[in-house]
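Okay, so here's the structure we're looking at.
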Amino acid sequence: MQKKTILPLSAAIAFLSMGIAANSQAQLVSCGDVITTPTTLDANLVCPIADADSVAIVIEGPGGSLSMGDYSLTCSTSAFGSGIVLLGQGARLSGGTVTGCGDAVTLGGDGSHFVTNVYITDFGDDAVYIDSNNNVVTNMEIVGDDWDSDEGIDIAGHNNVVNFNYIEGAGDEGIEIAGDFNIVSSNEVLGSANDGIEIDGAFANVTNNYTHHNGSSGIEVDGNFGTIFSNTVANNDGGVDLDQGTSNVINNNTVSDNGTYGIFIFDAEPTNNTISNNTSLGHTYDLFDAVDFDCSGDNTWENNTFSTSQPACLE
């Protein structure tokens, strides 16, 4: 993931060469608007994107909100730029379709934004990029084309809630969790080029997700102090990969038919993790630890249901 820079509101306005702020619900929405009041989209928009700093529409909280209904916003290119950017604090976006943009929807500014029920497709970078804190992204439908994009949902900020979303065909991870204390629950993630869910930040709570048919692991754990609970991980290239990180709890997950490895550790970097009460079946190695030959290492394996393991002393 490349580091992004989200422009402050004053800088964003400077790049909006078309339109003025939408000041009432009845006012026509145009490309380049900065929306500061409750506003309803009443027509499809096709917006020019000139360079990496271009933004089609800005929604500024706390007063700004946009209900897109059944209408769509289409960017002129998905190679760069942004479709809809939420700035300030407490902006809201709901409904409609965002298509053909670089970053389709970005949550920046001071955060506490709410985004729901948006259909996003044909994105060149991230479908949703969360660069602020305390946001909610829920009930989204995100469909990529496997390779020509980055993450489905990229969580760089902290204390965000991402739940009940459908994410298919992201070009990298379906969901990447880089920030801390994020809750990712009840999402379906499939067909990503790489991992379904990748956890890099600390204290992530990843529960009740269904990750399947992704090109790498269903869930990759790289962060610390995470809770990975009651997820279904099936038919990925690998199941649950403890790649790095310490003091994670991997508990009560159902891991099935993920090729060679179900729940697995390849090297000595993961430490003090607890892998317990999971069901892992249908792999060459349902449980696998490449470095702990006698089950005396730093990670605890206990009360798991499985058929095959390496070493044989894993439980």
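Just so it is clear, none of the values below were taken in a lab; they were calculated from the coordinates. Model, not experiment: these values are computed from the prediction. Here Cβ is always computed from backbone atoms with ideal geometry, including for glycine, and neighbour counts include all displayed protein chains.
For segment 195-315, the relative contact order comes to 18 percent (Cα pairs under 8 Å, sequence separation of at least 6).
In the chain, helical runs assigned H by DSSP with n ≥ 4 each contribute -39500 (n - 2.57); averaged across all residues and rounded to the nearest 500, the mean residue ellipticity at 222 nm is -500 deg cm²/dmol. Note: relative contact order over segment 51-182, using C-alpha pairs below 8 Å and six or more positions apart, is 18 percent. Here the mean projected area of the convex hull built on the C-alpha positions of segment 195-315 is 5.6 nm².
Each of CYS295, CYS31 was scored by other Cβ atoms within 10 Å of its Cβ. Listed from fewest to most, they are CYS295, CYS31. Ordering 136-143, 38-45, 234-241 by mean Cβ neighbour count within 10 Å, with the highest value first, yields 234-241, 136-143, 38-45.
Remark: the ASN205-THR284 segment gains 25.6 nm on full extension, using 0.36 nm per residue and subtracting the alpha carbon distance. Sorting SER230, SER82 from the fewest to the most surrounding beta carbons within 10 angstrom yields SER230, SER82. GNM remark for the chain: springs join alpha carbons under 10 Å apart, and the peak mean-square fluctuation among THR300, THR207, THR254 falls on THR300. Return the single residue from GLY223, GLY96, GLY63 with maximal mean-square fluctuation; model: Gaussian network over the chain, springs between Cα atoms under 10 Å. Answer for the Gaussian network model of the chain: GLY63. For the options TYR71, TYR210, TYR119, a Gaussian network treatment of the chain with springs between C-alpha atoms closer than 10 Å singles out TYR71 as fluctuating the most. Taking θ as phi - 60° and the Karplus parameters 6.51, -1.76 and 1.60, the scalar couplings of segment 75-87 work out to 8, 6, 8, 9, 6, 6, x, 9, x, 10, 10, 9, 10 Hz in sequence order, x denoting glycine and proline. Computed about its Cα centre, the charge dipole of the chain is approximately 1200 debye, with only Lys, Arg, Asp and Glu carrying charge at their Cβ. What relative contact order, as a whole-number percentage, does the chain give when Cα pairs under 8 Å and 6 or more residues apart are counted? So the answer I get is 7 percent.
What is the list of residues in segment 78-103 whose amide nitrogen lies under 15 Å from a point 7 angstrom out from the Cα of ALA50, following Cα to Cβ? Under 15 Å, as judged by backbone N against the label point of ALA50, lie 81-82 of segment 78-103. Counting Cα-Cα pairs of the chain in 10 Å increments starting at 0 gives whole-percent bin shares of 7, 28, 30, 18, 11, 5, 1, 0.
A simple spin-label model places the labels of ASN235 and ASN117 3.0 nm from each other, with each point 7 Å out along Cα-to-Cβ.
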